[in-house]
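Below: the structure, in structure tokens.
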Amino acid sequence: MNDLAGKTALVTGSVQGIGLGVAKALAGAGARIAVHGLATPEQAAEALEAVTAAGAPEARFFDADLRDVAAIEAMMAELADWGGVDILVNNAGIQKTVSLADADAATWDAVIGVNLSAAFHTMRLAMPAMAGRGYGRVVNIASVHGLVASVNKAPYVSAKFGLVGLSKVAALEYAAAGNRESGGVTVNCIAPGWTETELIEPQIQARAADHGGDRAAGVADLLSEKQPSLRMTSTDEIGALALWLCHPIAHNVTGTTIPVDGGWTAQ
Ligand code: NAD
């Protein structure tokens, strides 16, 4: 069902968290994996080992800082030489919770740069070759915050709403590329709710502090406010959905945003 043998996937921010979960899922279906992120040599080596153990026939590490357009361009040129990007997962993201009044220009620039502008650059550079091959997949890891807002997240919500819009435009521009047999070129967003990774640890710790440092109580508090299932999503579960979107069977699923949020955005 999910044979990605012969395909190459770039997963940004895949040295940990959701990105690593997605990279392992794609590796498990036989894709070559470009692991990417800001990482120590040890963390990069561990991620490469994890995707290889999951089944990747080849894996390479890229460390482009996504706030730097020239670094993105250099990485995409290297990837073109490595065989090109068939599957592009724009996953890297940063988050800072701060009120609109207290947010400064540097915070805005960094959050928009990593969560939105980087995806614009990787997509504009990777997608023409996807169309040429008749197969391509862009999976953008947005958020429930690309669909609804929360207080104290102006830069993050703006970036994620922007990513959803960018994905729809790209889906339309490439909708007719390829065919059913080749798999076509699709662009979709996954919109996770609370998913237990380092990204949300500061928010968990802030809630835990309200409960005498009890982390489990902090998690329960976060979930009860927004996520009706009262369960976190695991990174492997996001990986399984990304993998399905990459299969040729999903050739007509494009321009969508799929929440994995325990009912958050159904409310
Ligand atoms: P994480 O903090 O565990 O991982 C983030 C990754 O992004 C890391 O690999 C890091 O190296 C990379 N990164 C950050 N800044 C970078 C930069 N300047 N250049 C290159 N790489 C950079 O976070 P996560 O929870 O796995 O988040 C992955 C994606 O999922 C993000 O886009 C995030 O917004 C989204 N998301 C997460 C949740 C959640 O609850 N965890 C919910 C909704 C959406």
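Miscellaneous remarks
- Taken about its Cα centre, the chain carries a charge dipole of roughly 780 debye when the Cβ of each Lys and Arg holds +1 and the Cβ of each Asp and Glu holds -1.
- For region 20-34, backbone phi angles converted through the Karplus equation (6.51, -1.76, 1.60; θ = phi - 60°) give residue-by-residue couplings of 5, x, 5, 4, 5, 5, 5, 4, x, 9, x, 6, 6, 10, 8 Hz, Gly and Pro being listed as x.
- Fraction in percent of alpha-carbon pairs per bin - 5 Å, the chain: 1, 6, 13, 18, 20, 18, 12, 7, 4, 1, 0, 0
- Every Cα-Cα pair in region 35-82 was counted, and those over 13 Å apart are 59% of them.
- Bridgeable lysines around LYS160 (alpha carbons under 22 Å apart, same-chain partners fewer than 8 residues away excluded): LYS96, LYS168, LYS226.
- Dimensionless Rg over Rh [region 83-231; C-alpha; Kirkwood]: 1.06
- Principal-axis analysis of the Cα atoms of the chain puts helix 41-54 at an angle of about 60° to the longest axis.
- Tail beyond 17 Å, pair distance distribution of region 206-267 (Cα, percent): 56 percent
- Diffusion constant of region 1-131 at 20 °C, which comes from Stokes-Einstein with the Kirkwood Cα-pair radius and 1.002 mPa s, µm²/s: 142 µm²/s
- Degrees separating the helix 215-226 axis from the principal Cα axis of the chain, which is the longest one: 80 degrees
- The radius of gyration of the Cα set in region 1-63, together with its Dmax, comes out at 10.2, 35 angstrom.
- Computed from the Cβ-Cβ distance with R0 of 25 Å, the FRET efficiency linking ALA5 to LEU172 stands at 0.25.
- Lysines with Cα under 16 Å of LYS24, excluding same-chain neighbours fewer than 8 positions away: LYS7
- Based on the Kirkwood approach, the hydrodynamic radius assigned to region 63-149 is 14.3 Å, with every pair of different Cα atoms included.
- For region 57-114, the calculated P(r), taken from all Cα-Cα distances in 5 Å bins from zero up to the bin holding the longest distance, is 4, 14, 22, 21, 13, 10, 8, 5, 3, 1 percent.
- For VAL187, the residues 5 or more places off, or on other chains, whose built amide H falls under 5 Å of its own are VAL138, GLY255.
- Protection-proxy order for peptides 120-132, 40-52, each taking the mean of Cβ atoms within 10 Å per residue, highest first: 120-132, 40-52
- Computed from Cα atoms, the angle from the helix 235-246 axis to the main principal axis of the chain rounds to 30 degrees.
All of the numbers you see were taken from the coordinates with simple rules; none came from a lab. In this text, all values refer to a predicted model and were calculated from it rather than measured experimentally. Cβ atoms come from the backbone with ideal geometry, glycine included; neighbour counts cover every protein chain shown.
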